[in-house]
Amino acid sequence: MSDLKLTVALTSVNSENMSRHDMLQWVNNTVDGQFKKIEELCSGVAYCQMMELIFPNCINLKRVKMAAKLEHECLHNLKLFQAAFIRLKLDKTVPIDRLMKGRFQDNFEFLQWFKKFFDSQGIGNLENLKSAANTVKPIKPRCFKKEPSPVAIIENASPNVVDIDELNGELQTLSIKCGSTAESRDECYAKLRNIEVLLDDVMKTNQHMEFCKRLCAVLYDQAPEGANDSNGSANARPSLSPRPELVNQCTE
């Protein structure tokens, strides 16, 4: 795959010096959009549109959910965006999980990178580019005469190859989400353990006992009957392993 780190680093435009307002204005001018906040770019719509401007036919814009608001809609668009990098043999992993959270810093940092990448392609006149992208007749990715494109492009990828690339992109996305889910689970479990320790300390003072007992019942709530199969299915709801000394106090 092509090394985008060197390509992006060599661009003459330093997007890190642009304010959030300048960056947002650039996005809106590029895609004729009406984005009001950087966080709204988590929908993936603008990135799909700009990627299609740089590399015509790398994304089927008819598949892009232009009014994406829900999480699964944003995920769909960002997966199309990631699949375009894979199809073009570009070594770039889109931080889908972080972008989808809609936080300013994550989206702004990625937008700074994408601005450099966009400029590194030597796009030239934006209006001419938009006009060419809107023509009905399919066109091949541009080859610029002034300097060779730093990106190798697959011009005639077969439908099967495209499908495989998109599936690989989806697999990578699911792997990222799985890791994030496991991390969130561990964090929640650690917090519950901390609550358990605090609860134990309070009960040792014999204060607020009724409240503490009710809290114990919530902490050690078991899965509903029938939720576990005979083999201890992975679908079973996780619960804390009760601390004996705390259970004894709760049942007194």
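When you scan the range 51-71, how many residues do you find that are out of contact with any helix residue (DSSP H, G or I) (no Cβ under 9 Å at 6 or more places or on another chain) and in contact (Cβ under 8 Å) with a residue 12 or more places away in the chain? The number of residues fulfilling the criteria is 1. Taken together, the residues in the range 202-216 that are loosely packed, with under 10 Cβ neighbours inside 10 Å and either in contact with a Leu (Cβ under 8 Å, 6 or more places away or on another chain) or not β-branched (Val, Ile, Thr) (or both) amount to 3.
Selection of the range 95-107 for residues being assigned to a helix (DSSP H, G or I), surrounded by fewer than 17 Cβ atoms within 10 Å (Cβ to Cβ) and out of contact with any Asp or Glu (no Cβ under 7 Å at 6 or more places or on another chain) yields only Gln105.
Scoring Arg185 on the criteria (1) of a type in the set (Lys, Arg); (2) modelled with pLDDT of 50 or more; (3) not in a helix (DSSP H, G or I) leaves a single failure, condition (3). It is to be established whether one or more residues within the range 72-85 are touching a residue at least 24 places away in the same chain (Cβ under 8 Å), out of contact with any helix residue (DSSP H, G or I) (no Cβ under 6 Å at 6 or more places or on another chain) and part of a loop (DSSP other than H, G, I, E, B). Checking the range 72-85: not a single residue is touching a residue at least 24 places away in the same chain (Cβ under 8 Å), out of contact with any helix residue (DSSP H, G or I) (no Cβ under 6 Å at 6 or more places or on another chain) and part of a loop (DSSP other than H, G, I, E, B).
The values are calculated or read from the model by the stated rules, or taken from the named source; none is laboratory data. Every value quoted in this text rests on a predicted model; they were computed, and no experiment measured them. With ideal geometry, Cβ positions are generated from the backbone for all residues, glycine too; neighbour counts draw on all protein chains shown.
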